[in-house]
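Heads up: the structure comes next, in structure tokens.
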Amino acid sequence: MKEKICIVTDSCADIPDSFLEQYDIRMIPIIIQAPDHTYHDRVDITVQDVYKLLDQEVVLKSASPTGQDMLDTLEKIKADGYTHAICVMLSSGLSGTYNSLRLWKDSVDGLEVEVFDSLNGSIGCGMMCITLARYRDQGLSFEQLCAKVPGLVKNTYVFFSIEHLDLLERGGRIGKASSLLG
């Protein structure tokens, strides 16, 4: 049977919608919690909506996708005819998504799933997925793609700066002392 391989990540990979579609990359949305509502990132809240809430000084927190969200995504991938999935997730140092998905990866019969820790965030993780999708489209097998991931993780670096640390402090990512010193 011919392999049909899906590349999967979470919404923290910041892959533009046009690239998700072009490379048929599936995304599991992280949870964004506002005081009065819970959202699925990029499903029922946009990046622009998040910034509007932050401008209003609403405290937002993020959480890993639920187990049901992960299972639903894997079942949808299987229903769409995929036989294999390679999941490259936000760094385990920033989120529990990688570890949670490892627990769910064997839950869908007939879908072979490998889960990788990108050790990266944002577009660093996203670029690994795009690169894997390009390799897949060139005809590499599931086994060959899985063998490429450690090299991608080792050789992907993202540099960024933050204009204001107050958002990280309000979201609980850094403490008051770190924010003040920064």
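The values are calculated or read from the model by the stated rules, or taken from the named source; none is laboratory data. These numbers were taken from a predicted model, which means no experiment stands behind them. All Cβ positions, even for glycine, are placed from backbone atoms using ideal geometry, and neighbour counts span all protein chains on display. Keep in mind that these areas ignore ligands, DNA and RNA; they rest on the heavy atoms of the full protein, side chains included. Shrake-Rupley method; radii C 1.70, N 1.55, O 1.52, S 1.80 Å.
Tabulated data for the structure shown
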| read-out | value |
| --- | --- |
| Coordinate range along principal axes, alpha carbons of the range 11-56, Å, largest first | 35, 17, 14 |
| About the Cα centre, charge dipole magnitude for the chain (Lys/Arg +1, Asp/Glu -1 at Cβ), debye | 500 |
| Computed [θ] at 222 nm, deg cm²/dmol, the chain (DSSP H ≥ 4; -39,500 (n - 2.57); rounded to nearest 500) | -12000 deg cm²/dmol |
| Tail fraction, Cα-Cα pairs, the chain, threshold 25 Å, whole percent | 35 |
| Accessible-area ranking of Leu20, Leu94, largest first, probe 1.4 Å | Leu94, Leu20 |
| Reachable lysines from Lys148, criterion Cα separation under 22 angstrom, eight or more residues apart if same chain | Lys2, Lys4, Lys105 |
| Exposed-loop-free span, longest in the chain, where chymotrypsin sites (Phe, Trp or Tyr not before Pro) count as exposed if DSSP calls them loop and at most 14 other C-beta atoms lie within 10 Å | 1-156 |
| Solvent-accessible area of Ile123 with every protein chain in place, 1.4 Å probe, in Å² to the nearest 10 | 60 |
| Residue-level accessible surface for Asp49, protein heavy atoms, 1.4 Å, Å² | 60 |
